[in-house]
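Working notes, structure below.
The values are calculated or read from the model by the stated rules, or taken from the named source; none is laboratory data. Note that the coordinates shown come from a computational prediction; the quantities given were computed from them, not determined experimentally. We place every Cβ from the backbone using ideal geometry, glycine too, and count neighbours over all the protein chains shown. Areas reflect the complete protein model, heavy atoms only, side chains present, ligands, DNA and RNA absent. Shrake-Rupley method; radii C 1.70, N 1.55, O 1.52, S 1.80 Å.
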Amino acid sequence: MQLPNFFKTGALALGIAGFAAPGVNAEEIILGHVMDSEHIFHEVSQRFSARLDELSGGTMTVAYHPGGDLGDWTSIVEQVAQGAVHMTMSWNHSELDPRWDVSILGYIANDWESGRKVYGPGSVMNGVYNGIMNDLGMELLGTIPTDFTGFVVRKGIDVPVNFPADAEGFKMRVPGQPMAIERYRATGFSAVPMAFSEVHTALQTGAIDGRAYSPPSEVLLFKDVLDAYVFTRENFEHTFWNANKAWFDSLSEEQQGWVKTAADEAVAWAWENAEAESPKWFDQIEEAGIKVIELTPEQLTVYRDKIVAVEYPYMENVIGAEVMGEIKKAAGVE
C-alpha cells in the first residue's frame, strides 16, 4: 500500500521506518486528545495512566495532553502516525485511508449489545481496524464507545423528518469524509464538509443548519443555537485509541504487556459504563430546552434504506467484498 501524502512530505525526514520519538524516553508516554474532562476520553485516559504506573512500578508514566493543546484531532492522529506523539484517541481520519470510513457505516448495530459484539473488544472489526492502523504506522489499543448518533438542528429551521423532501435546502455539516458526503446527499441534504472547530460559529451565522454524526454527549456543545436533536441512531459512534507502531514495537515484551493490560482494562471499563451515561445526556439536552425527536418507524425505514443503499456498495468497493461480507455476518445484516 502506498503511503499517504502527508508521510511523503514530512515523516520520512523523521525516519519513520525505524522511528523512536526524539528526545523522549520510552518510559514517558505522550497521550493527547481534543476532548475535555466531561468526555469519556478523559476517564479512560486517567484509568490507563494510573494502572500503567501501578503495573510498571512507576517506570512508565503518561504525559497527558487533553483539550487539544497538541492541535486538532486530525493533526494529533498524524503526529501519532509519524511518531511525534505516542498515542491518541480519535475518530476515523479517512483522509489518511478511505478504508477507515468503514467505522461509520450506517445501521450496522441496532442496540448496545450488538454494538459491543461488532465493535467491542475481540470483535471482527477490531481485527479489520488494526490492519488499517498498521498500514498507517499505528497500533490499535482499543475502541472506545460513545453512543448512537443523530443530527442537530439550529434555531429557526424546520426540523426534517421526511426524507428526502424535508431535507431539501438544509445545509448539513459533515466531516470531510467521502462516505459522509454520500450519506447526506442520499437523504436529501446539502452536505457541507467543515472542520469541527468551525461548527459553532457556522450554526450561529446560518452558514449551516445542522451538524451530522452527533452523539448525545456532544449536543450541548452548541446548546445556545439549537432547537432540536433528531436521534436517528444511524450509526454507533466508537472511537480509536492508537499508538505509534514503531514506538510500541521498540518496547520490551514486558513493557508492551503493561501498556496492553492497562489499555485493555480501561477499554473494558468504557464498554461496561458508557451505556449508563446515555440517559443522563438526554436529560441534560431536554433541560437545556432542546427538543429530542425520534423518527416514526415508517420515517426511519425510508431514512435507513436510503443510507444502506448508497453506503454498503460504496464501502464494499473500498474495503473489498470479503471484508464487507465478514462485517455483515458479524452484524447479522444481509
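Report yes if some residue within the range 268-278 is of a type in the set (Asp, Glu), open to solvent by 60 Å² or more (accessible area, probe 1.4 Å) and over 20 Å from the mean Cα position of the chain (by Cα); otherwise report no.
no
Within the range 160-169, track down each residue that is buried (at least 16 other Cβ atoms within 10 Å of the Cβ), among the hydrophobic types (A, V, I, L, M, F, W, C), farther than 10 Å from TYR184 by Cα and in contact with a Gly (Cβ under 9 Å, 6 or more places away or on another chain).
PHE163
I want to confirm something. Restricting to the range 113-132 and keeping residues that are closer than 24 Å to ILE29 by Cα and more than 14 Å from the chain's Cα centre (by Cα), which single residue is most open to solvent (accessible area, probe 1.4 Å)?
Here the answer is PRO121.
Could you go through the range 149-160 and let me know if any residue there is free of Cβ contacts under 8 Å to residues at least 40 places away in the same chain and under 18 Å from ILE290 (Cα atoms).
yes
Would you please name the residue that is farthest from ILE40 (Cα to Cα), looking only at residues in the range 95-112 that are in a loop (DSSP other than H, G, I, E, B) and open to solvent by less than 10 Å² (accessible area, probe 1.4 Å)?
Among those residues, the one meeting the criterion is ASP97.
Of the conditions (1) under 16 Å from TRP247 (Cβ atoms); (2) modelled with pLDDT under 95, THR88 clears all except one; give me its number.
Condition (2) is where THR88 drops out.
Of the conditions (1) buried (at least 16 other Cβ atoms within 10 Å of the Cβ); (2) more than 30 Å from ALA186 (Cβ to Cβ), GLU234 clears all except one; give me its number.
(2)
Identify the single condition in (1) at pLDDT below 95; (2) of a type outside the set (Phe, Trp, Tyr); (3) under 22 Å from ASP101 (Cβ atoms) that LEU141 does not satisfy, given that it satisfies every other one.
(1)
Quick check on VAL302: is it closer than 18 Å to PRO160 by Cβ, in contact with a helix residue (DSSP H, G or I) (Cβ under 6 Å, 6 or more places away or on another chain) and modelled with pLDDT of 95 or more?
For VAL302, the condition - closer than 18 Å to PRO160 by Cβ, in contact with a helix residue (DSSP H, G or I) (Cβ under 6 Å, 6 or more places away or on another chain) and modelled with pLDDT of 95 or more - is not met.
Counting only residues that are hydroxyl-bearing (Ser, Thr, Tyr) and in contact with an Asp or Glu (Cβ under 8 Å, 6 or more places away or on another chain), which one in the range 66-94 is least open to solvent (accessible area, probe 1.4 Å)?
SER94
Taking the condition of being under 18 Å from ALA274 (Cα atoms) and either exposed (fewer than 15 other Cβ atoms within 10 Å of the Cβ) or not aliphatic (A, V, I, L, M) (or both), how many residues in the range 32-59 meet it?
Summing the residues that are under 18 Å from ALA274 (Cα atoms) and either exposed (fewer than 15 other Cβ atoms within 10 Å of the Cβ) or not aliphatic (A, V, I, L, M) (or both) in the range 32-59 gives 11.
Residue check, ILE285 against (1) farther than 26 Å from ASN110 by Cβ; (2) open to solvent by less than 10 Å² (accessible area, probe 1.4 Å), all met but one. Which one?
(1)
Out of the residues in the range 247-256 meeting the condition of being over 30 Å from LEU105 (Cβ atoms) and open to solvent by less than 30 Å² (accessible area, probe 1.4 Å), tell me which one is nearest to the chain's Cα centre (by Cα).
TRP247
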